[in-house]
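Quick notes on the structure that follows.
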Amino acid sequence: MIDHLKGREKALEPFGLTGRRAEWVALASLHGGVFNRSQLSAWFGMDRFKTLRFVQALTRRRLAAEEMVGDLKVCRICARGIYRALGAEGVRTRRITSTEVAMRRVLSFDYVIEHPDLPWLPTEQEKVSAFEALDMGRSLMPVRVYRGAAGGAQHYFPRGMPVALDSRRAVFVHADPGYDTSTALRSWRDRHQKLWQALRDLALSVEVVGVACARRPLDRARTILGNWTNTETAPRPIHPPGTAAAARREITRIENAIVGMDDAGVEEMGGFQACLHRMVELEDMLRSMRPAGTIDGHSVWRSSRFRGRGI
């Protein structure tokens, strides 16, 4: 049983999918919507003939379609009913928009199936809800506005790369099939930086995994992520759990009273000067709690199943 699926694979029984086959289709649908035969074969330990029969069964029932993406053949879960049954009809993975996007998805999925026990947040809504449950506003999350018929729809975590979260740490995966540059990797960091800082303020460890299928992007990720990592050795003040969250709430309360011209509220907190002094005190405390660096840990992982650019 894969915990982060939360039993959703059982909703695929009407499609004739049960057990591990239902788990596989649920995993693939929720984590990018594409896979290839080598991934399927390794997951089930099946030979290429059984793998072919399973893929043919999916395509024959129009649950999936096999397509060439560059020089790689991928199987795309395309049936809207599958996503609807999984409660993920709004995910933007039923279509392949470019070779780069498809390769990034299949590479990300490769990391997920090799680490199925991590507490993954598969969909955009699950990511947003999980961070909102930590009192983090959407303004902290990476977002992209899509212009068009929908009238400027916002999508959070727009690249759809894997994120895992538990009570101790958050893991963010950056998958590069060989199309990215150092600037692109740093831009990805910049879009996540406010969220990472908020997580670290809550004393959660932020870890980034660089995933690639070629030597050059792997070496680049190793160097850049190493530069982001906390290398602090001096001890920091120890505060009780929840101190940072309480401090941010108090700052917000003071700011709201001042901006809202709530004279009674300001006086209750000791007056205007006392409020300003208290805000400086709280900000200093929060800064003292923040470790050095942008993230707390990093690793790199190379997929052996795909050939990427920059070998």
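Some points to look at:
- Of all residues in the range 110-139, those being closer than 17 Å to Met161 by Cα and either open to solvent by 30 Å² or more (accessible area, probe 1.4 Å) or of a type outside the set (Phe, Trp, Tyr) (or both) number 19.
Results for (1) hydroxyl-bearing (Ser, Thr, Tyr); (2) closer than 23 Å to Ala212 by Cα, shown as yes or no for each residue.
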residue	(1), (2)
Gly16	no, no
Met46	no, no
Lys50	no, no
Arg62	no, no
Arg80	no, no
Thr99	yes, yes
Leu107	no, yes
Asp117	no, yes
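- Among residues of the range 135-154 that are under 24 Å from Arg189 (Cα atoms), those with a Cβ under 7 angstrom from a residue that is at pLDDT below 80 and of a type outside the set (Phe, Trp, Tyr), sequence gap 6+ or separate chain, pair up as Asp135/Ala245; Val145/Gly152; Tyr146/Ala153.
- Within the range 168-183, the set of residues being of a type in the set (D, E, K, R) and in a loop (DSSP other than H, G, I, E, B) comprises Arg168, Asp180.
- Yes/no for Thr18 being hydroxyl-bearing (Ser, Thr, Tyr), surrounded by 15 or more Cβ atoms within 10 Å (Cβ to Cβ) and farther than 18 Å from Leu107 by Cβ: no
- Among residues of the range 203-222 being open to solvent by 20 Å² or more (accessible area, probe 1.4 Å) and either of a type in the set (Lys, Arg) or part of a strand (DSSP E or B) (or both), the one that is nearest to Met285 (Cα to Cα) is Ser205.
- From the options Glu100, Glu23, residue that is acidic (Asp, Glu), out of contact with any strand residue (DSSP E or B) (no Cβ under 8 Å at 6 or more places or on another chain) and open to solvent by less than 60 Å² (accessible area, probe 1.4 Å): Glu23
- Pick from the range 17-36, criterion of a type in the set (Gly, Ala, Ser) and either outside any loop (DSSP other than H, G, I, E, B) or at pLDDT 95 or above (or both), ranking: farthest from the chain's Cα centre (by Cα): Gly19
The values are calculated or read from the model by the stated rules, or taken from the named source; none is laboratory data. Source: prediction; values computed, not measured. Cβ: placed from backbone, ideal geometry, glycine included. Neighbour counts: every protein chain shown. Side chains are part of the model used for accessible areas, which takes the heavy atoms of the whole protein and leaves out ligands, DNA and RNA. Shrake-Rupley method; radii C 1.70, N 1.55, O 1.52, S 1.80 Å.
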